Amino acid sequence: MLRRKLPGTDLDLSVVGMGCWAMGGLWWGDDVRDDVSQAAVERALDLGINWFDTAPLYGHGHADEVLVRALGSRKNDVILASKVGVRWDGEGQHARSDLTPAWIRADLEANLKRLGVETIDLLQIHWPCELETPLEESIGTLESLRKEGKFRYLGLCNYDAAELREAARWGHIDSLQTPYSMLRREFEAELQPQVLAFPNEDGTTRQLGVLAYEPLCRGLLTGKYTATHKFPDSDLRSHDERWQGPRFLKALTLVSRLGLVAKRRGVPVAALALAWVLRQPGMTLAIAGAKTPQQIDEHVQAVGLLDQADLWPEIDRLVASFRG
Ligand SMILES: NC(=O)c1ccc[n+]([C@@H]2O[C@H](COP(=O)([O-])OP(=O)(O)OC[C@H]3O[C@@H](n4cnc5c(N)ncnc54)[C@H](OP(=O)(O)O)[C@@H]3O)[C@@H](O)[C@H]2O)c1
């Protein structure tokens with residue numbers, strides 16, 4: 001498995017990481033089974049995936065529990081990326097971002113306990129604060145917790161370019177996690193130039209590491225879904241507008257064209273989609289969600305496609321022809 005260094009850190013990460021959201025068992029339909037999720041984690045380890053992206057949000061911590069069980073003694077050999085700041089309402093139905101110092105501390109402590117580690121390798125703010133807490137206070141609290149050894153590197157998720165610049169005034173930001181795929185490219189407008197020349201504290205610039213989430217557009221970019229597919233209400237894709245109407249049909253047209261290329265090459269569509277993400281300027285790594293070992297088998301095939309020079313002009317033309 002090919003690895004890349006997260007710029008400015010000593011984290012040497014497989015270019016494809018495993019996303020643990022679905023294994024939390026909430027919002028991803030009725031087919032998530034802990035034993036199969038565990039088998040997927042084990043397959044990921046066997047095939048050289050050396051990092052896992054999880055969060056307290058994922059199934060109210062259930063994803064963490066399944067992940068830890070699956071990793072077993074191999075937990076010490078992998079890099080754990082987790083998140084902080086999301087708080088459920090009393091009913092456990094709705095979640096919002098609470099970045100008050102007290103909640104950051106409480107959430108991180110619970111996270112460390114669930115994961116059974118003293119230090120989290122990469123801790124990321126899950127999304128910008130929905131309360132009035134100034135960013136200076138939140139980042140300041142996180143920097144104190146970093147000094148206490150609770151985590152090593154600090155990332156942000158879902159911050160736009162202005163918020164990212166603001167955060168960098170109050171602490172050292174090590175990564176950004178943001179949505180990116182052939183079908184979702186808003187990253188390219190303002191974030192891409194920014195992460196390629198990210199301001200340092202001393203006025204110089206550096207490259208900021210970027211982790212792409214939803215690189216498969218929640219499974220749309222795998223070729224397995226058709227226009228007539230119906231998700232159960234328990235699956236967040238049942239009310240995702242990318243899966244509805246003309247936009248969905250256009251996406252399916254792109255996927256079927258990708259499918260022809262994939263067939264000719266003898267590779268899965270998912271591998272093409274992941275490799276495309278990994279080839280884009282400013283993208284360091286892709287986090288691919290998986291429910292089964294077979295999906296992991298497909299994801300790792302992205303690596304072999306990265307340097308196939310004769311493949312990319314055709315794929316780039318197809319992607320450019322898609323208007324979402
Ligand atoms: N920071 C954030 O706010 C944020 C937000 C979203 C995601 N993330 C992270 O990024 C990770 C990846 O994003 P995501 O899971 O939302 O979307 P994704 O990786 O684009 O899609 C994952 C889903 O696609 C389907 N799939 C995956 N591989 C497949 C294959 N080879 N063949 C067929 N279907 C396949 C699976 O669902 P089915 O089998 O049911 O189709 C899987 O759960 C998450 O797990 C999470 O760690 C972070």
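The values are calculated or read from the model by the stated rules, or taken from the named source; none is laboratory data. As the structure is a prediction and not an experimental result, all values here were calculated from the model. With ideal geometry, Cβ positions are generated from the backbone for all residues, glycine too; neighbour counts draw on all protein chains shown. Surface areas here come from the heavy atoms of the whole protein model, side chains and all, with no ligands, DNA or RNA. Shrake-Rupley method; radii C 1.70, N 1.55, O 1.52, S 1.80 Å.
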Checklist entry - Say a paramagnetic label sat at a point 7 Å from the Cα of residue 240, along Cα to Cβ; which residues of segment 168-191 have their backbone N under 14 Å from it? => result 179-185
Item to check | Simple Cβ-charge dipole of the chain, Lys/Arg +1 and Asp/Glu -1, about Cα centre, in debye nearest 20 | outcome: 1120
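For residue 186 and residue 30, what does the FRET efficiency come to when R0 = 30 Å and r is the distance between their Cβ atoms, rounded to the nearest 0.05?
On the way: r = 31 Å, r/R0 = 1.05.
Efficiency at R0 = 30 Å is approximately 0.45.
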Item to check | segment 1-155: Rg to Rh, with Rh as the Kirkwood radius over Cα pairs | outcome: 0.96
Item to check | Scaled radius of gyration (Cα, divided by 2.2 N^0.38 Å) that segment 44-92 gives | outcome: 1.29
Next on the checklist: How large is the Rg to Rh ratio of segment 200-320 when both quantities use alpha carbon positions and Rh follows Kirkwood?
Outcome noted: 1.02
Checklist entry - Dipole size in debye (nearest 20) for segment 67-211 around its Cα centre, Lys and Arg Cβ +1, Asp and Glu Cβ -1? => result 720
Checklist entry - Hey, what do the phi angles of segment 126-135 turn into as Karplus ³J(HN,Hα) couplings, whole Hz, using 6.51/-1.76/1.60 and θ = phi - 60°, x for Gly and Pro? => result 5, 7, x, 4, 9, 10, 8, 4, x, 4
Next on the checklist: Suppose R0 equals 22 Å. What FRET efficiency, 1/(1 + (r/R0)^6) with r the Cβ-Cβ distance, do residue 148 and residue 96 give to the nearest 0.05?
Outcome noted: 0.25
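Roll a 1.4 Å probe over the protein chains and send me the accessible area per residue for the chain in Å².
Working: 13970 Å² over 324 residues.
For the chain, the solvent-accessible area averages 43 Å² per residue.
With the contact rule set at Cα under 8 Å and sequence spacing of 6 or more, what percent relative contact order holds for the chain? The partial results should precede the final answer.
Values: 604 pairs, mean separation 65.9, N = 324.
It comes to 20 percent, rounded to a whole number.
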Item to check | Cα-based convex hull volume of segment 75-216 per residue, rounded to whole Å³ | outcome: 135
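Given the rule -39500 (n - 2.57) for each run of at least 4 DSSP H residues, summed and divided by the residues of the chain, what is its mean residue ellipticity at 222 nm, to the nearest 500 deg cm²/dmol? Could you put the intermediate results ahead of the total?
Working: 10 runs with 114 residues, N = 324.
It lands at -11000 deg cm²/dmol.
By average Cβ neighbour count within 10 Å, what is the ranking of 180-193, 307-320 from highest down? Mind dumping the intermediate values first?
Values: 180-193: 18.0, 307-320: 13.1.
Order by mean packing, descending: 180-193, 307-320.
Ranking request for peptides 69-75, 268-274, 101-107, 288-294: highest mean number of other beta-carbon atoms within 10 Å first, then the rest in descending order.
Numbers: 69-75: 14.9, 268-274: 25.9, 101-107: 16.9, 288-294: 20.3.
Descending mean neighbour count gives 268-274, 288-294, 101-107, 69-75.
What FRET efficiency do you get for residue 253 and residue 88 if R0 is 35 Å and r is their Cβ-Cβ distance, rounded to the nearest 0.05? All intermediate terms of the calculation are to be shown ahead of the outcome.
Values: r = 39 Å, r/R0 = 1.11.
E between residue 253 and residue 88, to the nearest 0.05, is 0.35.
Take the solvent-accessible surface of the protein heavy atoms, probe 1.4 Å, and return the percent of it on the chain that carbon and sulfur atoms account for.
Using a 1.4 Å probe with all protein chains present, the chain comes out at 49 percent carbon and sulfur.
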Checklist entry - Given springs between every Cα pair under 10 Å in a Gaussian network model of the chain, which of 131, 285, 122 has the largest fluctuation? => result 131
Item to check | Kirkwood Rh, Cα atoms: Rg over Rh of segment 181-252 | outcome: 1.17
Item to check | Zero-based 20 Å bins, Cα pair distances in the chain, whole percents | outcome: 32, 60, 7
Item to check | Dipole axis of the chain (+1 Lys, Arg; -1 Asp, Glu on Cβ), positive-most option in 153, 23, 315 | outcome: 315
Next on the checklist: Sort 197-203, 157-163, 39-45 by the packing proxy (mean of other Cβ within 10 Å over each peptide's residues), most packed first.
Outcome noted: 39-45, 157-163, 197-203
Checklist entry - Does a label point 7 Å from the Cα of residue 207, set along Cα-to-beta-carbon, have any residues of segment 160-188 with amide nitrogen under 15 Å, and which are they? => result 175-176
Next on the checklist: Given an 8 Å cut-off on Cα distances and at least 6 residues of separation, report the relative contact order of segment 1-134 as a percent.
Outcome noted: 21
Checklist entry - Which stretch or stretches of segment 14-41 have amide N atoms under 19 Å from the point lying 7 Å from residue 230's Cα along the Cα→Cβ direction? => result 28-31
